[in-house]
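The values are calculated or read from the model by the stated rules, or taken from the named source; none is laboratory data. Computed from a prediction, not measured in an experiment: that's the story for all the values here. Note that we place each Cβ from the backbone using ideal geometry, even for glycine, and neighbour counts take in every protein chain shown. What goes into the accessible areas is simple: the full protein's heavy atoms, side chains included, and nothing from ligands, DNA or RNA. Shrake-Rupley method; radii C 1.70, N 1.55, O 1.52, S 1.80 Å.
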Amino acid sequence: MLVWMLRKVMADRGIWCGAALARLLKEKADYDISAPSISALLNGQPKQMKADTLDALCTALECTPNDLWVHTPSKSKGA
């Protein structure tokens with residue numbers, strides 16, 4: 001299972017709101033993202049993500065995809 005860690009990564013960097021994240025994305029990655037898209041990223045685990053968005057998040061937050069998602073092996077249902 002993948003666990004979405006965006007809020008933790010943001011908190012570790014002193015970023016506390018979506019507006020601040022949007023500004024950082026624009027300043028550091030020259031990436032524009034809508035308020036509803038920011039809200040979706042902050043309020044739930046994304047089911048899909050554009051490579052450009054992931055790249056911009058990693059650039060702006062100075063992290064890797066491994067920081068944004070943590071993989072926890074699923075328990076097998078039968079053994």
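Can you check how the C-alpha radius of gyration of the chain compares to 2.2 N^0.38 Å, as a plain ratio?
1.18
Could you pull out every residue, at least 5 positions away or on a different chain, whose amide H is within less than 5 Å of the one on M5? Hs are placed 1.01 Å off N in the peptide plane, and Pro or chain starts have none.
Under 5 Å from the amide H of M5 lie the amide H atoms of W69, V70, each far enough along the sequence or on another chain.
What accessible area per residue, rounded to a whole number of Å², is obtained for the chain using a probe radius of 1.4 Å?
On the way: 5470 Å² over 79 residues.
Heavy-atom SASA per residue in the chain reads 69 Å².
How do the peptides 49-59, 35-45 rank, highest first, by the average count of neighbouring beta carbon atoms within 10 Å per residue? Provide the component values of the computation, followed by the final result.
On the way: 49-59: 14.8, 35-45: 13.2.
Ranked from most to least packed, the peptides come out as 49-59, 35-45.
Remind me, relative contact order of the chain in percent, using alpha carbon pairs under 8 angstrom and six or more residues apart?
Details: 71 pairs, mean separation 37.8, N = 79.
Taking the mean separation of contacting Cα pairs over the length of the chain, I get 48 percent.
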